[in-house]
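Structure, as structure tokens:
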């Protein structure tokens, strides 16, 4: 798979192509249905398959701090898309130039002149171009002029609910991780680079691997049961705390995800890990003493090990 960062790096693809376009935040079951259709058409007609996405996501550029909270970071999106054997990901930088690009110009200058599309795969709520003025009717008119086919993919439903990024944000904000995972078609996780912290966990006997979070991370502060995938190609068990460490004088300005792994000592600094978040144990609390904090951590570990049905030893 080739990743093309920016229109300026896009060379003309001298073959018909099949494309789909969107933010694909979450890479949920609806997105996966689109990707699978793109892959199958590319394979059937022996043509390049292309996924076009935007970075930043358009509403992040347009609304800044008031934009919807992300479900997946860019690196996570790429990681999930790679499993569909797509030939190209075209990542378009959404800026003032692209904001002003009309829907017709987007089709003609990029999809036709550069990608020579033969098929475009879309959802039923597809919109594109300046002020989202492009719609299925415009696509159909242009498809006749430029001889490409439109394939519309119907939405996916779970529990009689239409799956969307908006709905997943809602259920994650309510800490309904189980329902979010059903909509995603996989366990909800966060993928990030382990950074150095204040080594407080290590000093009190519970060393942690820390990942910096956006202030607007969807899950609320608290302690969660987790699994961790890392470079060892094995799944590790543990708990994590999401929050700002209110029990210490140097409260974090940014939220941090701290993972404590059971029964293993491993150096994860600088490594990318995937933290699969399974269940919330409790909210983040203030503890007046280190001993009370340690007592609570021991209780959290006991609950997590009960969840995994493994024996508990201090």
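Each reported figure results from applying straightforward, stated rules to the coordinates on display, with no laboratory input. Because the structure is a prediction, the values reported are computed rather than measured. Don't worry about glycine lacking a Cβ; one is built from the backbone with ideal geometry, like all the others, and counts go over all protein chains shown.
One decimal place: the segment residue 269-residue 144 gains 39.5 nm when fully extended, by the rule 0.36 nm per residue minus the C-alpha distance.
Can you tell me the FRET efficiency between residue 196 and residue 170 if r is taken as the Cβ-Cβ distance and R0 is 35 Å, rounded to the nearest 0.05? Please list the in-between numbers first.
Values: r = 35 Å, r/R0 = 0.99.
With a Förster radius of 35 Å, E is 0.50.
Volume per residue of the convex hull around the Cα atoms, evaluated for segment 128-215, comes out as 198 Å³. By the equivalent-ellipsoid construction on the alpha carbon gyration tensor, segment 68-151 comes out with semi-axes of 23, 17, 13 Å, ordered largest to smallest.
Note on residue 8 and residue 99: their simple-model spin labels are 1.9 nm apart, each label 7 Å out from Cα toward Cβ. If you take every DSSP beta bridge whose two residues both sit in the chain, what share of them, in percent to the nearest 5, is antiparallel? So the antiparallel bridges amount to about 60 percent of the total. Approximating the spin labels as points 7 Å out from Cα along Cα→Cβ, the residue 55-to-residue 85 distance works out to 2.5 nm.
Taking 188, 61, 35 in turn, the Gaussian network model of the chain (Cα-Cα springs below 10 Å) assigns the largest fluctuation to 61. For residue 1 and residue 215, the FRET efficiency from 1/(1 + (r/R0)^6), where r spans their Cβ atoms and R0 equals 22 Å, is about 0.10. Ordering 47-59, 276-288 by mean Cβ neighbour count within 10 Å, with the highest value first, yields 47-59, 276-288.
Can you give the angle from 0 to 90° between the axis of helix 290-308 and the longest principal axis of the chain, with both taken from C-alpha atoms, to the nearest 10? Helix 290-308 sits roughly 60 degrees off the main axis of the chain.
To the nearest 10 degrees, how steeply does helix 29-45 sit against the main Cα axis of the chain, on a 0 to 90 scale? Compared with the principal axis, the helix lies near 40 degrees.
For segment 1-34, the residues whose backbone nitrogen is under 18 Å from a point 7 Å from the Cα of residue 44, taken along Cα to Cβ, are 16-21, 32-34. Once the gyration tensor of the Cα atoms in the chain is diagonalised, the equivalent ellipsoid follows with semi-axes of 43, 19, 18 Å, ordered largest first.
Which value in deg cm²/dmol, rounded to the nearest 500, describes the helix-derived mean residue ellipticity at 222 nm for the chain, given -39,500 (n - 2.57) per DSSP H run of n ≥ 4 and division by the residue count? Please list the in-between numbers first.
Working: 9 runs with 87 residues, N = 314.
It lands at -8000 deg cm²/dmol.
Between residue 127 and residue 186, how many nm apart are label points set 7 Å from Cα along the C-beta direction? Distance between label points: 2.9 nm.
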